[in-house]
Amino acid sequence: MLTLGEIKGVGEATLKKLEELDVKSVFELFSYLPSRYIDLSEPIPAFEAVPSQLTLLEGRVERVSSVSPRGKRAFYVTFSDLRSKNNVHFRATFYNLPYMHDSFEVGQEYRLLAKLSNDPDMLNFVNPQLERKDKLQKLKSGVYTQYPLRGTMGQNAFKNIMYSALDSVKDATYSGPTGVVNSDIAQCFESLHRPDSLDDVLEALTRLASIDLAIALSIYKNVSKCSYLPRKVFYKTSINRILDFKNAIPFSLTQSQEGAMSDILSSLSSDECMARIISGDVGSGKTVVAFFAMYVACASGHQAAMMVPTEILAKQHASAFAPIAEKLGVKFAVLTSSMPTKEREAILQGLQLGEIDCAIGTQSLISKNVAFKDLTLAVIDEQHKFGVAERKMLEEKGAVDVISMTATPIPRSMALTFYDDIDISYIQKRDEATTNVATQIIGDAELGVKMVTEACARGQQAFIVCPAIQDAEGYESASVESFTRDFRSELSKFRYAALHGKLKDEQKEQAMRDFAEGKLDILVATTVVEVGIDTKASEILILNADRFGLASLHQLRGRVGRDGSAAHCYLQSSTTGEKALKRLQTLEKCNDGQRLAEVDFEMRGAGDFIGTRQSGARFTPIFGLRLTSSALAAAKRYSQTTLSGVSLDRLLALTRRGESRVQAFLDSIKKVTLNS
């Protein structure tokens, strides 16, 4: 195998420079991809150059100055512009490059790649990359690559090393499935380091990203096979369970709800433990499907638990479940941290003895002193609000079958790639639950405040959402702190409260409870209000809406008009960015959460869907390439064909020194799939 030291032109000094770039092998050299590609299809006249932008020029040497003896030892070369019809001259100034001085001769023609300086008196280009026109190699028609070398070495020196290495392995032969992968990767490297066109670059980037993802996906699938749990807990899963449940609820189920219930029965009667996501938009009826699963567990002689992020949501679910549980003979209790000690102890005893079939609660359910007699099924609502460790603690109390509910739709392109071992039931929104929310983009925060306060003066309730809790230096966005200060006079006319993550749990619960009960007119909050509490609010103003992703904005919009009455969502943004405006305009026109999830994925990458929000994990693990839906789709095909049957050891070998990044990527996938 070729080593760095065997590459032509690489000595001890160069090896040290490469090490500074964290390049210690030929594979790492090839993996050091350009940070920029510049189309060199046609040089332009010098007077068309834009300051600070790389420009391709052609000129004839007319004069070479002497080298200044001090300072930066500068000299300049005056060129006549070969691409201008008139007699136009430009200057190339060279700093700290005295050895180049004697290489120029009057009459020689050069091609130059350089940035125009801001000198108002002349066309001056500083330290250009240049080659003789009769000896073009790197600046010939095609694409110029620029590497993030951080001043360690020059672009040309690095490229010479890269090209020598590529030439050395050009005729290498590969065998077996992993050999095919290495060959495919080698072809991508060739196109990325010596591209003929920008189309070649885009094609190679997508292909390399898909191979990168395919390796991670294959490792994930390989490891997941070892984590399947054979079923040891059994349920009474007759289809009659659905009929019993339908008779106990005061409304008819939608087709997708019944389909999700059938999915659950199928999972509970399979040979493996259930890991299922119920994904549905606001108002789709996910909760009643979860109630059905809990009923099946309890009717089969086991216990079930539903964990939710807030006390008010726990009580909201309990209120909805109570009449259903009574008709079906299910004994249940609500467990929260604020309940009286005596009442709490009675519930704990009932769960431990099996006298209580089902518990709905907050994180209190995972407290050390909570024990179940026969907990087998766990339902986790608003799953993105809980960490892997918290979900694991609930499972360790006995739950072998897990259902997670999310109103943040998972893009199908993501789900179809990574979630083969996690079952997903999609629930469509009920017709009668279709919200009547008018969404409008506004540029002025004062206008938004005026509109929501006018509604509040008519007896309505409003959310005002800020992207931050406190002001931060250099971070120009509305915060709860600055908003309540700047709009104190407007807010003082109404009953209002602030709600954010730094408040104590009891303070947050009280604010949400007061708002839900109509004791407050306005709730000024951060995104903690994404959690699905039912209120009669009809207005929501989202400040600096361009700071949020489509999924978050859609979730926030779902806080109003929950009873089907007319409501308004104002998206305040002063941005002029094309992408940000397009995202907001999409929300203005569309109310379909699944469609918005796909658009969000296409526009922003997978940052919000793989790993923690805004974590930057929207890049492939080995080569750090942008993760797109097309790369995902290609990755799945590649994994199922080329990598099919490849052992875990060989897969890990393909990652080379990217193992830690692959592991971090897989850990983030683990969090999303809830397979904790």
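Numerical summary
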{"read-out": "Unique residue being of a type in the set (Val, Ile, Thr), out of contact with any Leu (no Cβ under 6 Å at 6 or more places or on another chain), closer than 27 Å to ASP401 by Cα and at pLDDT below 90 when the list is ILE264, ILE278", "value": "ILE278"}
{"read-out": "Where ALA165 falls short, out of the listed (1) under 31 Å from the mean Cα position of the chain (by Cα); (2) at pLDDT 90 or above", "value": "(1)"}
{"read-out": "Scope region 22-50; condition over 22 Å from SER84 (Cα atoms), in a helix (DSSP H, G or I) and acidic (Asp, Glu); matching residues", "value": "GLU28"}
{"read-out": "Leading residue by the ranking (modelled with the lowest pLDDT) among those in region 572-593 that are surrounded by fewer than 16 Cβ atoms within 10 Å (Cβ to Cβ) and within 27 Å of SER284 (Cβ to Cβ)", "value": "ASP592"}
{"read-out": "Residue, surrounded by the fewest Cβ atoms within 10 Å (Cβ to Cβ), within region 507-525, restricted to residues that are of a type in the set (Lys, Arg) and part of a helix (DSSP H, G or I)", "value": "ARG513"}
{"read-out": "Counted residues, region 373-426 - those being out of contact with any strand residue (DSSP E or B) (no Cβ under 9 Å at 6 or more places or on another chain), hydrophobic (A, V, I, L, M, F, W, C) and at pLDDT 80 or above", "value": "1"}
{"read-out": "Selection count where residues are closer than 30 Å to ARG91 by Cα, modelled with pLDDT under 90 and crowded, with 18+ Cβ neighbours inside 10 Å, scope region 11-37", "value": "1"}
{"read-out": "Considering residues of region 315-362 that are of a type in the set (Gly, Ala, Ser) and outside any helix (DSSP H, G or I) only, the residue nearest to the chain's Cα centre (by Cα)", "value": "GLY361"}
{"read-out": "Qualifying residue in region 223-240 (condition: closer than 30 Å to SER183 by Cβ, in contact with a helix residue (DSSP H, G or I) (Cβ under 8 Å, 6 or more places away or on another chain) and at pLDDT below 90)", "value": "yes"}
{"read-out": "Some residue of region 265-285 being surrounded by 18 or more Cβ atoms within 10 Å (Cβ to Cβ), out of contact with any strand residue (DSSP E or B) (no Cβ under 8 Å at 6 or more places or on another chain), small (Gly, Ala, Ser) and closer than 22 Å to ALA314 by Cα", "value": "yes"}
{"read-out": "Verdict on VAL531 being touching an Asp or Glu at 6+ places or on another chain (Cβ under 7 Å) and at pLDDT 90 or above", "value": "no"}
{"read-out": "Residues of region 526-555 satisfying the condition of being outside any helix (DSSP H, G or I), charged (D, E, K, R) and surrounded by fewer than 21 Cβ atoms within 10 Å (Cβ to Cβ)", "value": "ASP534, LYS536"}
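Residue-wise test of (1) under 14 Å from ASP244 (Cα atoms); (2) within 27 Å of the chain's Cα centre (by Cα); (3) part of a helix (DSSP H, G or I).
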| residue | (1), (2), (3) |
| --- | --- |
| LEU265 | yes, no, yes |
| ARG276 | no, yes, no |
| SER279 | no, yes, no |
| SER284 | no, yes, no |
| PHE291 | yes, no, yes |
| TYR295 | yes, no, yes |
| CYS298 | yes, no, yes |
| ALA305 | no, no, no |
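The values are calculated or read from the model by the stated rules, or taken from the named source; none is laboratory data. Given the structure is predicted, the values throughout are model-derived calculations rather than measurements. Please note: Cβ atoms are built from the backbone with ideal geometry, for glycine as well, and neighbour counts cover all protein chains shown.
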